[in-house]
1. For the range 137-235, please list each of the helices (runs of 4 or more DSSP H) lying entirely inside it that holds at least 2 residues being in contact with a strand residue (DSSP E or B) (Cβ under 9 Å, 6 or more places away or on another chain) and closer than 22 Å to Tyr324 by Cα.
2. Ala168 fails exactly one of the following numbered conditions: (1) touching a residue at least 24 places away in the same chain (Cβ under 8 Å); (2) surrounded by fewer than 22 Cβ atoms within 10 Å (Cβ to Cβ). What is the number of that condition?
3. Across the range 262-273, what is the number of residues that are farther than 14 Å from Phe214 by Cα and surrounded by fewer than 17 Cβ atoms within 10 Å (Cβ to Cβ)?
4. Considering only the range 335-355, state which residues are within 22 Å of Arg438 (Cβ to Cβ) and among the aromatic types (Phe, Trp, Tyr).
5. Tell me yes or no: at least one residue of the range 144-160 is open to solvent by 20 Å² or more (accessible area, probe 1.4 Å), more than 25 Å from the chain's Cα centre (by Cα) and within 30 Å of Asp347 (Cβ to Cβ).
6. Go through the range 322-332 and give me each residue that's in a loop (DSSP other than H, G, I, E, B) and open to solvent by 30 Å² or more (accessible area, probe 1.4 Å).
7. Can you report the number of residues in the range 246-261 which are open to solvent by less than 40 Å² (accessible area, probe 1.4 Å), within 28 Å of Leu321 (Cα to Cα) and within 32 Å of the chain's Cα centre (by Cα)?
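The values are calculated or read from the model by the stated rules, or taken from the named source; none is laboratory data. Bear in mind the structure is a predicted one, so any value in this text is a computation, not a measurement. Reconstructed Cβ throughout: ideal geometry from the backbone, glycine too, with neighbour counts over all protein chains shown. Side chains included, ligands, DNA and RNA excluded: accessible areas come from the protein's heavy atoms. Shrake-Rupley method; radii C 1.70, N 1.55, O 1.52, S 1.80 Å.
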Amino acid sequence: MATTSMMTLSTGSKLVENAGHVQTQTLRRILQLNYGVEYLKKWFGERENLKHPNMDAYALESLFTSTVPLASHADLDPYIQRIADGDKAPLLTQQPITTLSLSSGTTDGRQKYVPFTVYSAQTTLQIFRLAAAYRSRVYPIREGGRILELIYSSKQFKTKGGLTTGTATTHYYASQEFKIKQEKTKSFTCSPEEVISSGDYKQSNYCHLLLGLFFSNQVEFITSTFAYSIVQAFSTFEEQWQELCNDIREGTLSPRINIPEMRKAVLEIISPNPSLASKIEGCCQELQNLDWCGLISTLWPNAKYVYSIMTGSMQHYLKKLRHYAGELPLVSADYGSTESWIGVNVDPYLPPEKVTFAVVPTFSYYEFIPLYRQKEDCNSAIDDFIEDKPVPLSHVKLGQQYEIVLTTFTGLYRYRLGDVVEVAGFHKGTPKLNFVCRRKLILTVNIDKNTEKDLQLVVERGSQLLSQARVELVDFTSHADIATNQIKGEVEEQVLSECCREMDASFVDHGYVVSRKTNSIGPLELCIVETGTFKKILDYFIGNGAAMSQFKTPRCTSNQVILRILNVCTIKRVYSTAYG
């Protein structure tokens with residue numbers, strides 16, 4: 001199944017020039033491979049013509065989209081649970097599903113099962129190779145060089161039915177495709193498997209940094225799944241650099257590393273290097289005086305760029321990442337989800353704020369639900385958008401916003417992903433998407449609807465005042481009762497009051513403004529939390545099975561555990577005076 005489909009993917013022009021036709025054929029392949037599964041029989045019955053090789057692909061596409069309804073995860077969850085419990089019948093795919101992925105769970109605190117097959121790992125390999133080809137045109141790297149990959153697996157476990165379960169990144173790092181990727185791209189990670197798969201991100205992070213420094217002259221670029229992970233790693237580096245230098249000087253390994261397999265693997269690689277340790281020490285002493293500005297470009301002098309997912313909720317970390325990167329370009333990684341890869345960054349020279357993703361038409365079958373903003377005088381709180389009927393990839397329009405719908409080789413049919421994207425252009429015949437926000441991640445107090453992007457803009461307005469006072473906004477989240485920030489540095493009460501007022505006044509949603517003016521919504525409450533609060537939230541998620549490489553700080557949360565952590569750690573509360 002996967003091999004036939006994967007052979008069609010290349011950087012050639014035919015695929016993208018005929019993206020609409022390729023999409024129709026992709027859907028046909030998915031349906032014929034999974035003919036007779038229980039979920040499809042529910043809608044198609046026993047139609048024998050579906051598996052006939054000569055059935056017209058366009059007729060099949062029309063039949064599928066008119067017969068099979070749009071679905072959420074809740075619609076497919078009963079089938080996935082049966083698979084998790086050991087049901088061997090072909091429920092969603094004809095190919096046996098032996099592995100399940102877990103979504104991050106940082107949106108609503110509940111992780112969800114998603115089928116993972118050999119196709120999942122192969123598409124990951126394919127998009128990494130495809131993306132590397134585009135990057136190498138702009139930032140060529142040396143063959144045989146190394147990558148400082150700040151990547152982390154979580155523990156895998158078994159379901160009631162014996163299926164291996166873990167995050168999609170964990171499955172990929174354990175797969176043969178991860179090893180193949182290094183051979184094909186001629187770039188090798190600094191860290192051995194024992195470091196990546198330790199299950200303890202703090203110990204893994206220390207070893208990643210140690211080995212990255214040990215191979216510093218060979219490192220061609222620095223990467224992690226999310227920008228947050230890179231910022232977190234170098235924030236830790238500021239505290240641990242002296243210990244790291246000592247290990248490089250002596251060829252030892254800190255006692256903080258107590259996992260035997262990891263200690264053994266790292267000690268087999270490193271050896272005493274006093275001159276390198278002295279060089280790094282000198283650099284770090286200078287960097288301290290510069291507040292660590294240019295840390296990455298200074299310590300890894302041959303690195304060409306920093307590569308990671310930098311869109312959506314990761315945009316908040318770009319300022320700090322640029323601070324660490326110095327003059328090194330930031331290159332946004334590609335667009336996908338636990339459910340499927342979607343698009344590749346074909347313009348790696350663009351800054352992350354302007355990045356778009358060209359849809360790869362062979363990975364899944366995509367539909368797009370047109371979305372229109374509610375009129376300003378509309379008081380309906382039912383939804384944040386007005387929807388139109390889904391359209392295929394070939395019918396999307398420039399400038400229009402859509403929610404993505406997926407039909408995958410792994411058993412998801414007309415699955416609403418919940419991502420809002422905008423068509424920003426076309427790469428030959430395939431659309432280039434700009435990620436806008438997660439659709440249901442909205443801060444709703446009364447009749448107002450504020451998306452993740454709205455919240456990001458509000459926080460940016462407020463943080464500008466903090467920057468003028470030389471105070472750094474470390475991270476933030478929000479709740480219908482409070483907006484919570486962690487800041488670094490001392491700040492006067494007046495500055496916080498102005499910051500709170502500016503944030504409150506920056507919400508542009510008509511429902512919010514009206515509700516504030518009529519006192520239907522009380523004043524915005526800005527809570528400042530103590531240093532390390534968001535690390536406690538990270539530790540909570542990691543302790544509940546999430547992987548560091550998958551973690552995203554929730555921008556809007558109703559998770560009671562997170563709210564308790566925030567409340568306990570709050571050291572100051574400020575109220576807005578924007579509306580009197």
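1. It comes to 201-214.
2. The failed condition is (2).
3. The number of residues fulfilling the criteria is 1.
4. Within the range 335-355, Tyr335, Trp341 qualify.
5. The answer is yes; a qualifying residue exists.
6. Residues satisfying the conditions are Gly326, Glu327, Pro329.
7. Within the range 246-261, residues that are open to solvent by less than 40 Å² (accessible area, probe 1.4 Å), within 28 Å of Leu321 (Cα to Cα) and within 32 Å of the chain's Cα centre (by Cα) number 3.
Residue-wise test of (1) among the polar types (S, T, N, Q); (2) assigned to a loop (DSSP other than H, G, I, E, B).
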position: Asn302; (1), (2): yes, yes
position: Val306; (1), (2): no, no
position: Gln315; (1), (2): yes, no
position: Lys320; (1), (2): no, no
position: Val405; (1), (2): no, no
position: Phe409; (1), (2): no, yes
